[in-house]
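The values are calculated or read from the model by the stated rules, or taken from the named source; none is laboratory data. The structure displayed is predicted, hence computed values, not measured ones. With ideal geometry, Cβ positions are generated from the backbone for all residues, glycine too; neighbour counts draw on all protein chains shown.
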C-alpha cells in the first residue's frame, strides 16, 4: 500500500484542470473522515502495539516502523469516543505532522481505509462551529462527495504532540496523587 500512497502523493503535485486536492478517506465509528494525502506516508495493516505506561488514553502504544519508534493514536479515543475495536480491516495510517517546526511521524488507528478521492476546492466548506461531535479545531473543512459530507481532519491539531505531552503530564500527576 505504500506505493499507492507515494504514487498518489506525486500526482497531487501536478496541476489538474480543477486544482482538486486528494484525500484518503477512512471509517471511524461508522463515520467517514479524510486526511490530505500529502500528509500520509503509508498505510499498514494493524498488527499489535507495544503499550507505554503513563500515556494518554488516546495513545494506544508504539510500533517499530523500519527501526523507528512511532506512537499510534486511536482517533476514536482522541475524539472522546470509546476505543477502537480491532477488526479485520483495522489499519494504521502513518502521518507526518508539523510539531513546533519539526516533522513528526505518528500512526493513526482507523476502523477501515476506504479510498483516495479528489475534492475540488469549491466542494470544501468551512468547518462548522457547532454540531460536529469532535472539537472544531480538529476539522479543516467539510468535503462534499456524492451529495454527502466527509469530515476533513486538520492533522496538525488532531495529532498535536504538545497537547498530547500536556495530557500525559496531567495523567501522570493524577496517577501520582492516588
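Observations on the structure shown:
- For first residues located in the range 47-60 and in contact (Cβ under 8 Å) with a residue 40 or more places away in the chain, partners that are surrounded by 10 or more Cβ atoms within 10 Å (Cβ to Cβ) and in a loop (DSSP other than H, G, I, E, B) and lie 6+ apart or on another chain with Cβ distances below 7 Å form the pairs 60/49.
- Residues in the range 92-110 that are buried (at least 24 other Cβ atoms within 10 Å of the Cβ) and touching a helix residue (DSSP H, G or I) at 6+ places or on another chain (Cβ under 6 Å) were compared, and the one that is farthest from residue 50 (Cα to Cα) is 95.
- Residues of the range 83-112 classified as at pLDDT below 90, touching a strand residue (DSSP E or B) at 6+ places or on another chain (Cβ under 7 Å) and not in a loop (DSSP other than H, G, I, E, B), total: 3
- Which listed residue is buried (at least 20 other Cβ atoms within 10 Å of the Cβ), at pLDDT 90 or above and over 19 Å from residue 82 (Cα atoms), from 34, 68: 34
- Any chance residue 3 is out of contact with any helix residue (DSSP H, G or I) (no Cβ under 6 Å at 6 or more places or on another chain), surrounded by 12 or more Cβ atoms within 10 Å (Cβ to Cβ), over 23 Å from residue 135 (Cβ atoms) and at pLDDT below 95: no
- Residues of the range 22-40 classified as touching a helix residue (DSSP H, G or I) at 6+ places or on another chain (Cβ under 7 Å) and either on the phi > 0 side of the Ramachandran plot or in a strand (DSSP E or B) (or both), total: 7
- Flag if residue 121 is surrounded by fewer than 17 Cβ atoms within 10 Å (Cβ to Cβ) and in contact (Cβ under 8 Å) with a residue 60 or more places away in the chain: yes
- Count of residues meeting criterion [part of a loop (DSSP other than H, G, I, E, B) and at pLDDT 90 or above] in the range 115-153: 1
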